[in-house]
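**Student:** Structure below; questions to follow.
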């Protein structure tokens, strides 16, 4: 055989270099495709986790905003109540002065005497200015004579049979009550009628 024929046999008997390269290239592409797919799956998992975290954080932010709004509203209400009822203790202390002025006007005196007349007029003017001051600051008098008994506003000191009025009616007021913007600062002390036994 000639040299040329031997070379042809040698090259034909062994697998070609091109086929090896092609197999290796296919394997490399397969490995690369698998890597890309695993990276894509990993990225999708991370994205899902991130979306879960974001949703949780959005929920927390909404809760914090709602809590802050409720806190702001409660604070405004507390400030409003402090302004409205801040003078409650002072008002309660001034009620004794009001009671004493009213008692001074009820004393039996010679109203024809000029000295007594001037004194009574001064007490009446002082009482009137007190009443005006109380009205200005939302303090109202509770004088329930003849009204039905209300335990929210009245304190029953005694029960008395009285056929002339309905049962549970205030028949006498021993001490007037007062409210501050609708809140009782002193209940009226009253005598209440009861049904005959």
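**Student:** Give the residues of the range 152-197 that are more than 23 Å from residue 134 (Cβ to Cβ) and touching a residue at least 40 places away in the same chain (Cβ under 8 Å), sorted by residue number.
**Tutor:** Within the range 152-197, just 192 meets the criteria.
Okay, residues lined up against (1) within 30 Å of residue 184 (Cα to Cα); (2) out of contact with any strand residue (DSSP E or B) (no Cβ under 8 Å at 6 or more places or on another chain); (3) in a loop (DSSP other than H, G, I, E, B); (4) at pLDDT below 90:
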| residue | (1), (2), (3), (4) |
| --- | --- |
| 32 | no, yes, no, yes |
| 36 | no, yes, no, yes |
| 47 | no, yes, no, no |
| 67 | no, yes, no, no |
| 75 | yes, yes, no, no |
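**Student:** Give 79, 64 a once-over and let me know the one that is outside the structural domain of residue 129 (by TED's automatic domain parsing) and either in contact with a helix residue (DSSP H, G or I) (Cβ under 9 Å, 6 or more places away or on another chain) or closer than 30 Å to residue 132 by Cα (or both). Full working, then the answer.
**Tutor:** Values: 64 fails: either in contact with a helix residue (DSSP H, G or I) (Cβ under 9 Å, 6 or more places away or on another chain) or closer than 30 Å to residue 132 by Cα (or both).
Only one candidate qualifies: 79.
**Student:** Scan the strands (runs of 3 or more DSSP E) fully inside the range 112-195 and keep the ones with 1 or more residues being at pLDDT below 95 and over 27 Å from residue 89 (Cα atoms).
**Tutor:** On the way: elements: 139-142, 154-161, 170-175, 177-180, 183-186, 188-194.
So the answer is 154-161, 170-175, 188-194.
**Student:** Separate question: Take the conditions part of a helix (DSSP H, G or I) and without any contact (Cβ under 8 Å) to a residue 40 or more places away in the chain and apply them to residue 95. Does it pass? Walk me through it before giving the result.
**Tutor:** On the way: part of a helix (DSSP H, G or I): yes; without any contact (Cβ under 8 Å) to a residue 40 or more places away in the chain: no.
No, not satisfied.
**Student:** Can you say whether residue 81 is assigned to a helix (DSSP H, G or I), at pLDDT below 90 and within 25 Å of the chain's Cα centre (by Cα), as far as the supplied structure shows? Walk me through how you get there before you give the answer.
**Tutor:** Details: assigned to a helix (DSSP H, G or I): yes; at pLDDT below 90: yes; within 25 Å of the chain's Cα centre (by Cα): yes.
Criteria met by residue 81.
**Student:** I'd like the full set of residues that are in contact with a helix residue (DSSP H, G or I) (Cβ under 7 Å, 6 or more places away or on another chain) and in a helix (DSSP H, G or I), limited to the range 98-111.
**Tutor:** Filtering the range 98-111 down to residues in contact with a helix residue (DSSP H, G or I) (Cβ under 7 Å, 6 or more places away or on another chain) leaves 98, 101-102, 104-105, 109-111.
Scanning the range 98-111 gives 98, 101, 102, 104, 105.
**Student:** Within the group 147, 112, 121, 140, which residue is exposed (fewer than 10 other Cβ atoms within 10 Å of the Cβ) and without any contact (Cβ under 8 Å) to a residue 60 or more places away in the chain? Step through it out loud before you land on a result.
**Tutor:** Numbers: 147 fails: exposed (fewer than 10 other Cβ atoms within 10 Å of the Cβ); 121 fails: exposed (fewer than 10 other Cβ atoms within 10 Å of the Cβ); 140 fails: exposed (fewer than 10 other Cβ atoms within 10 Å of the Cβ).
It is 112.
The values are calculated or read from the model by the stated rules, or taken from the named source; none is laboratory data. Predicted model, so just to flag it, every value in this text is computed and none were measured. FYI the Cβ positions are ideal-geometry reconstructions off the backbone, even for glycines, and counts take in every protein chain you see.
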